[in-house]
Ligand code: F6P
C-alpha cells in the first residue's frame, strides 16, 4: 500500500517526529510505501508529492517545523479541489490513502473527505491543546517550556525595576498555555479566554502582589477577553481561514494596569517563538508514539479515524470526536491556579 503524509495548518514542534514514526514503523514492520505531500492540502490538490523513505526521515525527531511544509489550503477550493478531483489525482499517483497531521481545520477537512470516499487517517496537532479528542497534543509541552523560560527571564528584569510585566502567550480559544506556563513561573494573575475579568479585578491582583514587595507578573492568552468584550482583540486582519489574527491584548492591558495602579508596566508578546525550535522530550515521545500508532491504523484500515492520547495510552477515535466542542480549561483547574494569584 502507498500512503501520502501531509502536515497542514499552523506548524508545531513534533510534526517531524510523527512523520519519522509513521515511516519507520510502516516500512520496517509492514512493508508500506510512503510519499510526502508538500504544503498540506495544497499538495493533494495540485499533486505535489516528494519521496519519503527511511533516508528522508533520519534524525528527524529532534527537528522543529515540518520537512513537508504546511499551508492553510482548503482541499474543497479551486479548480482541482473537491473529493472527485482528489480521488483522480491520488489514483494517478497510485496513492491509496492519506495520513493528515493537523488541528481542527485540517481534521474537519479530513472528516469531510473521508465521508466523500477518500481514505484518510488523522493525527491531532496543536500547541494550544484545544482538541477535545486527545488529553494532550504534541507541541503543547514545548510551547509551555518556552513560555516558562521567557517568563523566568521577564521576572528577573521586572524584579530589578520593580515593574509589572505582562506576558502574552498563544491560545486562541483556550488558556492551557497561559495556565501551565503561568503556574510554572509563579504568575500573580493568569488571564484566559474561558474566564473574562475586568480591568479593576486585574489591577487589584497586581496591586496586592506589589504591596507584598513583588514585581507582579501577569500572563495573558491572546484570546483573553475583558468583561464586556464580545470578541478577542485583533488588529491584524484575517488569516487564510478567515479567522481574525490575534495578538496584542497585552499591549492594551499594560497601559491600563499602569494607569489604574500607578505601577510602571511593560508588555511582551511571545508570538511564534512558542512554535519554533526543537520539541521537548515529552513531545518527541508523544509525537513518535502517535506516528507508530498511525502506521498500525493504516494496516488495520482504520480510515475515518484519528490516533489520540487518553491517559497514557494511544487510542483511535472518529474524526467527529475531534471537532465541535473544544478542550477548554475546566473551572476547577483555573480555581486551583487562582489560589496563588495576587
Ligand atoms: O492554532 C495555533 C495558533 O498558534 C494560535 O494560538 C494562533 O492564534 C495561531 O495559531 C497563529 O497562527 P498563524 O501562524 O497563522 O499566525
Q | Residue list for the range 246-263, filter: closer than 13 Å to residue 205 by Cβ and buried (at least 22 other Cβ atoms within 10 Å of the Cβ) | A | 253, 257
Q | Top-ranked residue in the range 154-171 [being part of a loop (DSSP other than H, G, I, E, B) and more than 21 Å from residue 272 (Cα to Cα); ranked as farthest from the ligand (Cβ to nearest atom)] | A | 162
Q.
Here's a check for you: in the range 305-342, which residue that is in contact with a helix residue (DSSP H, G or I) (Cβ under 7 Å, 6 or more places away or on another chain) and under 15 Å from residue 106 (Cβ atoms) is surrounded by the most Cβ atoms within 10 Å (Cβ to Cβ)?
A. 306
Q. If you check 116, 111, 128, which single one turns out to be touching a residue at least 12 places away in the same chain (Cβ under 8 Å) and surrounded by 24 or more Cβ atoms within 10 Å (Cβ to Cβ)?
A. 128
Q. So which strands (runs of 3 or more DSSP E) stay within the range 247-342 end to end and still have 3 or more residues that are over 17 Å from residue 190 (Cα atoms) and modelled with pLDDT of 95 or more?
A. 305-310, 313-318
Q.
With the requirement that a residue be touching a strand residue (DSSP E or B) at 6+ places or on another chain (Cβ under 8 Å), within 19 Å of residue 270 (Cβ to Cβ) and crowded, with 21+ Cβ neighbours inside 10 Å, what does the range 131-153 give you?
A. 137, 143, 147, 151
Q: Could you grab the pairs with beta carbons closer than 9 Å, sequence gap of 6+ or different chains, first residue in the range 256-275 and within 27 Å of residue 211 (Cα to Cα) and touching a residue at least 12 places away in the same chain (Cβ under 8 Å), second one within 16 Å of the ligand (Cβ to nearest atom) and assigned to a strand (DSSP E or B)?
A: 267/167; 267/168; 267/220; 268/167; 268/168; 269/167; 269/168; 269/169
Q.
Tell me whether the range 207-222 contains one or more residues that are surrounded by 24 or more Cβ atoms within 10 Å (Cβ to Cβ) and either part of a helix (DSSP H, G or I) or out of contact with any helix residue (DSSP H, G or I) (no Cβ under 8 Å at 6 or more places or on another chain) (or both).
A. no
Q) Is at least one residue of the range 206-220 within 25 Å of the chain's Cα centre (by Cα) and within 16 Å of the ligand (Cβ to nearest atom)? A) yes
Q) When you go through 112, 94 one by one, which is the residue that is under 16 Å from residue 303 (Cα atoms) and modelled with pLDDT of 95 or more? A) 112
Q) Scanning the range 181-205 for residues that are within 16 Å of the ligand (Cβ to nearest atom) and more than 18 Å from residue 268 (Cβ to Cβ), which turns out surrounded by the fewest Cβ atoms within 10 Å (Cβ to Cβ)? A) 194
Q: Go through the range 140-153 residue by residue and tally those that are within 15 Å of the ligand (Cβ to nearest atom) and either over 20 Å from residue 309 (Cα atoms) or in contact with a helix residue (DSSP H, G or I) (Cβ under 6 Å, 6 or more places away or on another chain) (or both).
A: 6
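The values are calculated or read from the model by the stated rules, or taken from the named source; none is laboratory data. Because the structure is predicted, anything quoted here is derived from the model rather than measured. Reconstructed Cβ throughout: ideal geometry from the backbone, glycine too, with neighbour counts over all protein chains shown.
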